[in-house]
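Here the structure comes first, spelled out in structure tokens, and everything after it is commentary.
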Amino acid sequence: MHTKLTAKEEIIMNLLWDNGPMSVKEMIEHYAIPKPHFNTVSTFVRGLEARGLVSHNAMGNTFQYYAVVSRADFSRKTLVSSIDKFYSKQALNAVSALVSEEKISVEELKSLIEKIEKGN
């Protein structure tokens, strides 16, 4: 499964994760003005489906699309892929970068280690 999403694909996945199964028409209702064309959204949805991220059920003469992968699973796989790609598969290097960039404090890291040691 290819884990990287374009900005437009990310919008569609978030719509499905947040709202559950939807038709393309329903997805378009959630977009801000100017709303994208039906065929544009449909093309992106079919691309996501081809990659195994989305599937559909026939509902009369329309399709209800739904996310095949959960947001949590997708996020986890994306994180692992990024660590593999940018940190030579060394998670410790990634954590070190987060601390260096002040995205996580040393205190937060210590708290996380305590939680893990306690089995939480």
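Every number here is computed from the coordinates shown, using simple stated rules; none is lab data. Remember, predicted model here, so these are calculated numbers, not experimental data. A quick note on method: Cβ atoms are made from the backbone with ideal geometry, for glycine too, and the neighbour counts reach across all protein chains shown.
With a ≥ b ≥ c taken as the square roots of the eigenvalues of the C-alpha gyration tensor of the stretch 7-67, please select rounded if a/c is under 1.5 and otherwise prolate if a/b is larger than b/c or oblate if it is not? Rounded, because the longest to shortest axis ratio a/c is under 1.5.
Counting neighbouring beta carbons within 10 Å and listing from fewest to most, the residues Phe63, Phe86 come out as Phe86, Phe63. Electrostatic bookkeeping for Gly47 treats Lys and Arg as +1 and Asp and Glu as -1; over the other residues with beta carbon under 13 Å from its beta carbon, the sum is +1. Peptides 30-43, 11-24 ranked from most to least packed, by the mean per-residue count of other Cβ atoms within 10 Å: 11-24, 30-43. Pairs of Cα atoms nearer than 8 Å and 6+ residues apart set the relative contact order; for the chain it is 23 percent. Ordering Leu112, Leu5, Leu53 by the number of other Cβ atoms within 10 Å of each residue's own Cβ, fewest first, gives Leu112, Leu5, Leu53. Segment His56..Leu98, full-extension length gain: 11.3 nm, with 0.36 nm per residue of separation and the alpha-carbon distance subtracted. Could you work out the longest stretch of the chain that avoids the GluC sites (Glu not before Pro) located in DSSP loops with at most 16 other Cβ atoms within 10 Å? Within the chain, the longest run free of exposed GluC sites (Glu not before Pro) spans 1-100. Note on Ser111 and Ala72: the extension gain reaches 11.9 nm, defined as 0.36 nm multiplied by sequence separation minus the Cα-Cα distance.
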